[in-house]
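The values are calculated or read from the model by the stated rules, or taken from the named source; none is laboratory data. No experiment lies behind these values; they were computed from the predicted model shown. Please note: Cβ atoms are built from the backbone with ideal geometry, for glycine as well, and neighbour counts cover all protein chains shown.
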Amino acid sequence: MATLFEEIKSYKETFKQKAPEEKQRIMAQATKELEESGIAKGLKTGDHAPDFTLPDATGQSVSLNEELSKGPVIITFYRGGWCPYCNLELKAYQAKLPDIQEAGAQLIAISPETPDSSLSTKEKNNLQYKVLSDEKNRVAEQFDLVFKMPDYLIDVYKDSGLDVPGHNGNEDWELPKPATFIVAQSGEIIFADVDSDYTKRTAPEKVIDILKNHQ
């Protein structure tokens, strides 16, 4: 089975071959500007994770503190089910879910999508872990992950038929940077990976290794 890195590499190669050069240039420019802006750097290792309560894909409330009572929690913030890189990541974590559970951890995925959109993402990828809806990015804000898409990038998304407002239930055009955190039962963040480049994701194998070493 291909690793997440290999899956992403393959998708990027296909995108490079098929997508118009101008579209690729604009998207690369937006990523570069986001990186250089210095905004939304994310919480760091050693920080205390803020508690939160969010609805899952079926509308049931899930709180971080309650999940931490069961063991350490992996939190992965993703942009939405419309993002191919997010779907690759979500499926990669699903494939490693037995190993994550064996390490005694819980897994939570969070996006700004509405519960209905989150349910579609969960069903599409056959996810057996909690997929939470963080409308208006309130929790992502607490983790210092939120940025507003520039107008020129919004135009590209619209031209591509990507209805981000439809998925998120608002016209903010705000997204979280993709990020993965491991939160110990004490609430301390023992691993944090935040990247302005939305094509870069944390391999589940890396997360599992950290969990095992922390036991």
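Just to check your reading of the model, which residue among Ser196, Ser111, Ser186, Ser118 is among the small types (Gly, Ala, Ser) and farther than 22 Å from Leu43 by Cβ? Spell out how you get there, then give the answer.
Values: Ser196 fails: farther than 22 Å from Leu43 by Cβ; Ser111 fails: farther than 22 Å from Leu43 by Cβ; Ser186 fails: farther than 22 Å from Leu43 by Cβ.
Criteria check complete, one pass: Ser118.
Being loosely packed, with under 14 Cβ neighbours inside 10 Å and either among the basic types (Lys, Arg) or within 29 Å of Thr45 (Cβ to Cβ) (or both) is the requirement here; does Lys177 meet it? No: the conditions fail for Lys177.
Condition check: of a type in the set (A, V, I, L, M, F, W, C), over 20 Å from Glu67 (Cβ atoms) and either at pLDDT below 95 or in contact with a helix residue (DSSP H, G or I) (Cβ under 8 Å, 6 or more places away or on another chain) (or both). Does Val164 satisfy that? Full working, then the answer.
Details: of a type in the set (A, V, I, L, M, F, W, C): yes; over 20 Å from Glu67 (Cβ atoms): yes; either at pLDDT below 95 or in contact with a helix residue (DSSP H, G or I) (Cβ under 8 Å, 6 or more places away or on another chain) (or both): yes.
It is true that Val164 is of a type in the set (A, V, I, L, M, F, W, C), over 20 Å from Glu67 (Cβ atoms) and either at pLDDT below 95 or in contact with a helix residue (DSSP H, G or I) (Cβ under 8 Å, 6 or more places away or on another chain) (or both).
Yes or no: Gly59 in contact with a helix residue (DSSP H, G or I) (Cβ under 8 Å, 6 or more places away or on another chain) and exposed (fewer than 13 other Cβ atoms within 10 Å of the Cβ)? Criteria met by Gly59.
Residues of segment 173-195 that are closer than 16 Å to Ser111 by Cα and in a loop (DSSP other than H, G, I, E, B): Trp173, Lys177, Pro178, Asp195.
Go through segment 1-116 and tell me which helices (runs of 4 or more DSSP H), entirely inside it, have 3 or more residues that are within 14 Å of the chain's Cα centre (by Cα), within 25 Å of Asp163 (Cα to Cα) and not β-branched (Val, Ile, Thr).
Fully inside segment 1-116 and qualifying: 84-95.
The residue that is farthest from Val146 (Cα to Cα), counting only those in segment 36-51 that are in contact with an Asp or Glu (Cβ under 8 Å, 6 or more places away or on another chain) and of a type outside the set (D, E, K, R), is Gly46. Any chance segment 149-172 includes a residue that's part of a strand (DSSP E or B) and in contact with a Lys or Arg (Cβ under 9 Å, 6 or more places away or on another chain)? No, segment 149-172 contains no residue that is part of a strand (DSSP E or B) and in contact with a Lys or Arg (Cβ under 9 Å, 6 or more places away or on another chain).
Among the residues here, Ala57 qualifies as at pLDDT below 95 and over 15 Å from Ser186 (Cβ atoms). Considering segment 101-121, and only residues there that are crowded, with 21+ Cβ neighbours inside 10 Å and β-branched (Val, Ile, Thr), the residue that is modelled with the lowest pLDDT turns out to be Thr121.
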